[in-house]
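Accompanying notes for the structure given below.
Quick note: the coordinates plus some simple rules give every number you see, no bench work behind them. Computed from a predicted structure; not experimentally measured. Every residue, glycine as well, gets a Cβ built from its backbone with ideal geometry; the counts of neighbours run over all protein chains shown.
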Amino acid sequence: MATIRVQEAPFDQAAETAALTAGRVDVGGVASFLGLCRADDGLAALVLEHYPGMTEKALGDIAAEAESRWPLTGCTVIHRYGRILPSEPIVLVLAASRHRTAALEACAFLIDWLKTGAPFWKREEFADGHSRWVEARESDDAAAAKWG
């Protein structure tokens with residue numbers, strides 16, 4: 001069963017990994033992806049909005065798909081919303097399995113699908129005071145499409 005959280009507060013990657021593997025002796029590997037806010041081109045903050053309930057369901061559906069494709073012992077998906085400053089964490093994906101290949105592939109699948117299938121709206125705020133909505137990228141669509 002996947003752990004899915006959409007939250008405003010930062011998270012602790014080490015604590016989340018420990019929670020995923022606590023008491024488990026069947027985990028051979030945990031693959032992780034930690035997405036951070038980067039300060040490209042004068043970015044002061046990234047503001048993420050979402051619809052509560054709808055977002056959690058979409059993340060849960062993506063995690064359930066990963067669990068049906070790979071023999072996972074568990075997975076965690078945490079995505080933040082609100083105003084996020086450069087260098088702060090935005091998203092954490094953990095995939096645990098008996099074997100590294102399944103964990104690595106599931107982690108890549110999860111983050112590729114989160115980039116395109118998670119209903120978040122992102123607005124970039126810049127140091128000069130202007131802002132703009134982030135448009136979907138063809139490269140993100142192509143990454144998700146490779147999973148079929």
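Does ALA63 qualify as being touching a Leu at 6+ places or on another chain (Cβ under 8 Å), in a helix (DSSP H, G or I) and surrounded by 15 or more Cβ atoms within 10 Å (Cβ to Cβ)?
Judged against the criteria, ALA63 is a match.
Would you confirm whether or not segment 120-130 contains a residue that is part of a loop (DSSP other than H, G, I, E, B), of a type in the set (A, V, I, L, M), over 17 Å from the mean Cα position of the chain (by Cα) and surrounded by fewer than 13 Cβ atoms within 10 Å (Cβ to Cβ)?
Yes, segment 120-130 contains at least one residue that is part of a loop (DSSP other than H, G, I, E, B), of a type in the set (A, V, I, L, M), over 17 Å from the mean Cα position of the chain (by Cα) and surrounded by fewer than 13 Cβ atoms within 10 Å (Cβ to Cβ).
Restricting attention to segment 65-74, which residues are under 16 Å from THR3 (Cβ atoms) and either within 14 Å of the chain's Cα centre (by Cα) or of a type in the set (Lys, Arg) (or both)?
ALA66
Any idea which of (1) hydrophobic (A, V, I, L, M, F, W, C); (2) within 16 Å of the chain's Cα centre (by Cα); (3) part of a strand (DSSP E or B) is the one ALA45 doesn't satisfy?
Here ALA45 meets the rest and fails (2).
Collect the residues in segment 9-42 that are in contact (Cβ under 8 Å) with a residue 40 or more places away in the chain, farther than 18 Å from ALA103 by Cα and surrounded by fewer than 16 Cβ atoms within 10 Å (Cβ to Cβ), keeping them in residue-number order.
ALA9, PRO10, LEU36, ARG38, ALA39, ASP41, GLY42
Out of all the residues in segment 105-112, is one or more assigned to a helix (DSSP H, G or I), touching a Gly at 6+ places or on another chain (Cβ under 9 Å) and of a type outside the set (Asp, Glu)?
Yes.
Name every residue in segment 75-95 that is more than 15 Å from the chain's Cα centre (by Cα) and either among the polar types (S, T, N, Q) or over 18 Å from PRO10 (Cα atoms) (or both), in order of residue number.
Result: SER87, single match.
Has segment 102-116 got any residue that is within 21 Å of ASP140 (Cβ to Cβ), surrounded by fewer than 17 Cβ atoms within 10 Å (Cβ to Cβ) and of a type in the set (Val, Ile, Thr)?
Within segment 102-116, one or more residues are within 21 Å of ASP140 (Cβ to Cβ), surrounded by fewer than 17 Cβ atoms within 10 Å (Cβ to Cβ) and of a type in the set (Val, Ile, Thr).
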